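What follows is one structure encoded as structure tokens, with my remarks underneath.
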Amino acid sequence: MVSRVIPVQAFDLVVFGGTGDLAKRKILPSLFRRFVAGQMPRDAFVIGVARSELDTKSYQDLVMSSLKEFEPELVASAELEIFIKQIKYVQIDAQGDFGWSDLADKVRKDAIQAFYFSVSPSLFGQLAEKLYKYSIASQSSRIVLEKPFGRDLSSARALNAVLKEHFSEDQIYRIDHYLGKETVQNLMAVRFGNMLFEPLWNSQYIDHIQVTVAESVGVEGRGSYYDQAGAMRDMIQNHLMQLLCLIAMEPPAKFSPDAVRDEKLKVIRALDPVNSSDIVRGQYSNSGSDKSYFDAVGNPSSKTESFIALKVQISNWRWAGTPFYLRTGKKLKARCSEIAVVFKETPHSIFGPDAGSHRNALVIRLQPDEGMTMDLTIKEPGPGGMRLIDVPLDMTFAEALGPEVDAIPDAYERLIMDVIRGNQTLFMRGDEVEAAWSWTDPVIDQWVSKGSKPSKYDPGSSGPEDSLMLMHKDGRKWREIS
Ligand code: NAD
């Protein structure tokens, strides 16, 4: 099964921060893949913009070497030379006036215009202002914003306000790349495209839901940013919150941007405040040659968490009484992101007490090996008594869809093409982001006001012991991180 390619219209995509890590690792390789797939047309241009003193030729060389590094299998393709010719460069100072007239000359008025702000959020306001001042953007232009979108409610509100001086909400694309993942969209397809699950998708049949986003790496080169943010701001407020919304939301009337985002917003607004006894924070210690969190961020008195686990309740008819357990952290035993929907036990076992306790679980795996499994209880084969075992029904996409599954675009490819098509369904709306911060701020305030420190955990573990207790005290347990 091959993913269907629908070419987009001619566009000019201006990448502010065009020499940065994100542009080199994700944005430019994604565009190249869409070009090779035939989706990015020959009359589309990418204009890299940054402070570095480069001309178009030297920027094209920089893009070429990034593609060699990040898309080694594709660079041999004859398309590379053509793609590179569709790339231009403008040197700009976002905080001053240098380079803006040059950019105004290069951006076409008769093509779709998208401006990707792949720079520090402190520059967002100035970029929006200059695009307006130099008459570069029009009312049909789109702006694309990278996370972090604020660090609390007041900064997110200020950011929304400054952008809205020059752009309307339907021009603003706030990226959460988790929403561009194939499996995340499949969550909606599975829920709303099948009759099987939706009647059971509530607190009457679902015991609990656990969401794990585990990373095996530490803070890497992002130490100074990360130490100001921590796992709650960096992961829960955006990525895990978005996953929670898609699991918990009511069926939208149609798959359209505002219908989907209205339902997600209702979930965020129905979240209960979190009790301090339902929060576990951790910080990794050192092990062998691996640096501790303190050493990695260069701050021996840091109280920032590199791990967090929370028990979250949604106060509405569908979910009252079914907890959502969320956990995310760095330097854990494996890189693994998954959602497990754990169903209740049958109300009565006809097989007697020896049959043990069994539960169905639908596991949606985001990475690695995107796919789904459904744990079903069956009879253990063989003669003798009626012994029950749980077996996973495996729906790994790579197997089900065949080798062409590789042709399915990754999150950035899909999201950038959605920007060009003008489809905001998989992007966060301003009120959603603000509602997420309204829930997050008091959670953070609890530990900031007490000055509490995160517990230590060993690198390569499943996080602090207390996080296991968070589930144990409710008679439940986390799935293995593997
Ligand atoms: P980076 O530091 O590698 O690159 C920053 C870019 O901004 C450079 O191209 C630089 O020239 C440009 N820039 C800085 N100041 C400028 C100015 N005054 N005028 C014009 N250009 C200027 O950063 P990055 O890692 O590419 O991240 C970019 C943004 O994306 C950040 O907000 C970051 O938080 C966010 N983000 C990055 C990643 C990632 O994996 N790198 C992931 C998610 C979000």
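The values are calculated or read from the model by the stated rules, or taken from the named source; none is laboratory data. As the structure is a computational prediction, the values presented were derived from the model and not from experiment. Every residue, glycine as well, gets a Cβ built from its backbone with ideal geometry; the counts of neighbours run over all protein chains shown. Only protein heavy atoms, including side chains, enter the accessible area calculation; ligands, DNA and RNA are left aside. Shrake-Rupley method; radii C 1.70, N 1.55, O 1.52, S 1.80 Å.
Okay, here's what the table says:
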read-out	value
Count of segment 297-351 residues which are open to solvent by less than 30 Å² (accessible area, probe 1.4 Å), in contact with a Ser or Thr (Cβ under 9 Å, 6 or more places away or on another chain) and of a type in the set (Gly, Ala, Ser)	5
From 90, 8, residue being closer than 26 Å to residue 137 by Cα and touching a strand residue (DSSP E or B) at 6+ places or on another chain (Cβ under 6 Å)	90
Near pairs, Cβ below 9 angstrom, 6+ apart or cross-chain, from segment 78-98 (free of Cβ contacts under 8 Å to residues at least 24 places away in the same chain) to any residue that is part of a strand (DSSP E or B)	98/91
Wholly within segment 382-482, helices (runs of 4 or more DSSP H) carrying at least 2 residues that are in contact with a helix residue (DSSP H, G or I) (Cβ under 9 Å, 6 or more places away or on another chain)	397-401, 411-421, 430-450
Hits in segment 23-55 (condition: open to solvent by 10 Å² or more (accessible area, probe 1.4 Å), farther than 26 Å from residue 138 by Cα and part of a helix (DSSP H, G or I))	24, 25, 26, 33, 36
Those residues of segment 135-191 which are crowded, with 21+ Cβ neighbours inside 10 Å, closer than 21 Å to residue 338 by Cβ and within 14 Å of the ligand (Cβ to nearest atom), in sequence order	176, 178, 179, 180
Residues located in segment 104-125, provided they are surrounded by fewer than 16 Cβ atoms within 10 Å (Cβ to Cβ) and either under 30 Å from residue 231 (Cβ atoms) or near the ligand (Cβ under 10 Å from one of its atoms) (or both)	120, 122, 123
Qualifying residue in segment 204-212 (condition: at pLDDT 95 or above and within 14 Å of the chain's Cα centre (by Cα))	yes
Among the candidates 81, 73, 69, residue that is charged (D, E, K, R), within 15 Å of the ligand (Cβ to nearest atom) and open to solvent by 60 Å² or more (accessible area, probe 1.4 Å)	69
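Every residue, every condition in (1) in contact with a Gly (Cβ under 6 Å, 6 or more places away or on another chain); (2) over 20 Å from residue 367 (Cβ atoms), yes or no:
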site	(1), (2)
411	yes, no
425	no, yes
436	no, yes
442	no, yes
448	no, yes
452	no, yes
462	no, no
465	no, yes
469	no, yes
